[in-house]
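*Asks:* Handing you this structure, nothing more for now.
The values are calculated or read from the model by the stated rules, or taken from the named source; none is laboratory data. In this text the structure is predicted, and so the values were computed from the model without any measurement. Using ideal geometry, Cβ is built from the backbone for each residue, glycine included, and neighbour counts are taken over all protein chains shown. Side chains included, ligands, DNA and RNA excluded: accessible areas come from the protein's heavy atoms. Shrake-Rupley method; radii C 1.70, N 1.55, O 1.52, S 1.80 Å.
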4 protein chains.
Amino acid sequence: MAAPETAEARVRDSFAKQTIMGTIGASVAAVKPGEVEIVLPFSDKVLQQHGFVHAGVVATIADSACGYAALSVMPREAAVLTTEFKINLLAPAKGERLRAVGRVVRAGKKLIVTLGEVFAEEGGQSKQIALITASLMVIDTGTGLRD
Amino acid sequence: MAAPETAEARVRDSFAKQTIMGTIGASVAAVKPGEVEIVLPFSDKVLQQHGFVHAGVVATIADSACGYAALSVMPREAAVLTTEFKINLLAPAKGERLRAVGRVVRAGKKLIVTLGEVFAEEGGQSKQIALITASLMVIDTGTGLRD
Amino acid sequence: MAAPETAEARVRDSFAKQTIMGTIGASVAAVKPGEVEIVLPFSDKVLQQHGFVHAGVVATIADSACGYAALSVMPREAAVLTTEFKINLLAPAKGERLRAVGRVVRAGKKLIVTLGEVFAEEGGQSKQIALITASLMVIDTGTGLRD
Amino acid sequence: MAAPETAEARVRDSFAKQTIMGTIGASVAAVKPGEVEIVLPFSDKVLQQHGFVHAGVVATIADSACGYAALSVMPREAAVLTTEFKINLLAPAKGERLRAVGRVVRAGKKLIVTLGEVFAEEGGQSKQIALITASLMVIDTGTGLRD
């Protein structure tokens, strides 16, 4: 089996191993160097008590968008692990689907800092509903962790 | 239908409406005034690419533990909504199950600040794997939102 | 004494009351609706043990830039108070001066969420050294707090 | 000149180099392995526009309490640098003095996570006014940085 040759293939290959994404119904919408988009169609499996998408689910796609944005700029022998993130919820997460966009702000040798935005889309309109900042640690795949 | 009479009944009643909890397999383990515990058995539905529980799933149970800790000290006519949280991931989330404990640090009239810890349990041992701080806004149920 | 008539006058008037700004040597560089810049010349009064500007000082100007960005979009009868902020330090804070830019991301009735960036400037070059997200609570000046 | 022999001597020695602490009037109150206390007497040099201690100043002493708690458990050849912190402001910072207590939650090889609390003290009473979580990166002093 050939190794993935591009950042996009690498991201999509790793994303396919994140079983939570299949469980909630999320998919990768776009991959560019340093920027990844993930979309989540609204479904009745991912809600909190008022019928909005749960903040933790919003965080799940936002964290993965940020993590894969980081991975997209990493050399092949490095993996990444989230060490912390903070999310501000700006408005209720409702609509036809959510779109999370993660971007690399600074890629250091040991830590990568990312910024992400989540939008709720409905009827052709888009509204920002969350803002996330996340730090990822660069891990040598010699540890056995691979992305 | 009678209204739930205790904080515990209220928390369990609201939790049952969070469809994401059924989707990932989480349940309420304990409710005390100002403190709520949620447990999540390890399963292959909630993982990231290395086989650990996804940071967003850890955040999901931690956020709900904090949110319900806040709700447990609210008057009946108030609901709560998370406005922000930050989570530090301390170690990989693996083991037989995760246990999230949320506690109220300060309950103001408009905002409630909470602190939560998540532990991985395996073979009778418990290890802290995450630390969360979350803010919740107090919402008048006259807005139509109820918990 | 006439009341300040513009957002800029209001911000500068309030900033002049922040005694910490005189103590560290910071000043307002620019005010636009929803965006405020604060600058801090490097000095030997504001350092940590390695000779960089202390992270708390970086946070001080970043928090005020965000808070005044929020205030710049508030009606006259409202004041603002920071309820939380998170800052990622991206690189050591050194150079001729620091420049913090705060912007409003979402202005709700009760809470305002802001995003700020801090840059180190030296020899005509600018490098981002910090990223902040901050929440501010809207306070009725009927409480006695005025900005 | 002899090297500091104890964690406490090491913390106090490094703290003395943080010029911002002299500028605002803060001092080290106590050092134990993994826990450090810093106190700041109220003064008219450190205020925001309402006459409370500025949130950034509260963060400054909280960040240093956390950073020195981390340093207190480090081997002699390692230094620490804050990579991020988040602070929740729970109540206005006023009174006779502030007391910040930082504690190590987890000390990894690359990152140390800490939790801190800040209290306002007045007339023998103490009230918690802030909650902080901070990450510190472990730096080899071979880089030239020493604490």
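*Asks:* At 222 nm, what helix-only mean residue ellipticity would chain C give, in deg cm²/dmol to the nearest 500, using -39500 (n - 2.57) for each DSSP H run of four or more?
*Replies:* Theoretical 222 nm ellipticity from helices: -6500 deg cm²/dmol.
*Asks:* Using a 7 Å offset from Cα along the direction of the beta-carbon, what are the separations from residue B:27 to the same position in each other copy, nm, ascending?
*Replies:* Its label point is 3.5, 5.7, 6.6 nm from the equivalent points in the other copies.
*Asks:* I've got another one for you. For Cα pairs less than 8 Å apart in space and 6+ apart in sequence, what is the mean separation divided by the residue count of the stretch C:81-134, i.e. the relative contact order in percent?
*Replies:* Relative contact order, the stretch C:81-134: 42 percent.
*Asks:* Next question. Which one, A:120, A:130, A:92, projects farthest toward the positive side of the charge dipole computed for the stretch A:86-139 from Cβ point charges (K/R +1, D/E -1)?
*Replies:* Toward the positive end, the furthest listed residue is A:130.
*Asks:* Work out the mean other chain Cβ neighbour count within 10 Å for the residues of C:57-65 and drop it here as an integer.
*Replies:* Mean inter-chain Cβ contacts per residue within 10 Å come to 6.
*Asks:* For the protein assembly as shown, count all C-alpha to C-alpha pairs, find those more than 43 Å apart, and express that count as a whole percent of the total.
*Replies:* Tail of P(r) above 43 Å: 16 percent of Cα pairs.
*Asks:* What are the distances, in nm and sorted shortest first, from the label point of residue C:108 to the label points of the same position in each other copy, with each label point placed 7 Å from Cα along the Cα-to-Cβ direction?
*Replies:* 1.4, 3.1, 3.2
*Asks:* Follow-up. Counting heavy atoms of the protein chains only and a 1.4 Å probe, report the per residue accessible area for the stretch D:93-147 as a whole number of Å².
*Replies:* Result: 45 Å² of accessible area for each residue.
*Asks:* Something else about it: Relative contact order of the stretch D:1-102, please, whole-number percent, based on alpha carbon pairs below 8 angstrom and at least 6 residues apart.
*Replies:* 32 percent
*Asks:* Report Rg (one decimal) and Dmax (nearest whole number) for the stretch C:31-147, counting Cα atoms only, units Å.
*Replies:* In Å, with Rg to one decimal and Dmax whole: 14.8, 47.
*Asks:* Another question, then. Average partner chain C-beta neighbours within 10 Å, per residue of C:132-139?
*Replies:* The mean count of partner-chain Cβ atoms within 10 Å per residue comes to 4.
*Asks:* Still on this structure, I have one more. Axis carrying A onto B: which residue of A has the nearest Cβ, and how far, whole Å?
*Replies:* Taking the axis that maps A onto B, the answer comes out as A:86, 2.
*Asks:* OK, next. Of the heavy-atom accessible surface of the stretch A:1-144 (probe 1.4 angstrom), what whole percent is carbon and sulfur?
*Replies:* 53 percent
*Asks:* List the lysines whose Cα lies under 18 Å from the Cα of residue A:109, skipping any in the same chain that are fewer than 8 positions away.
*Replies:* Excluding near neighbours in sequence, the set is C:127, D:109, D:110.
*Asks:* Once you place label points 7 Å from the Cα toward the Cβ at residue D:140 and residue B:107, how far apart are they in nm?
*Replies:* For the pair residue D:140/residue B:107, the computed spacing is 5.2 nm.
*Asks:* Kindly express, to the nearest 10 degrees and within the range 0 to 90, the angle between helix C:55-71's C-alpha long axis and the longest C-alpha principal axis of chain C.
*Replies:* 30 degrees
*Asks:* Let me know the mean shielding of C:16-28 by other chains, meaning the per-residue number of their Cβ atoms within 10 Å of its Cβ.
*Replies:* Rounded to a whole number, the mean comes out at 5.
*Asks:* Quick one: dipole size for the protein assembly as shown, taken about the Cα centre, charges +1 on Lys/Arg Cβ and -1 on Asp/Glu Cβ, in debye to the nearest 20.
*Replies:* I would put it at about 0 debye.
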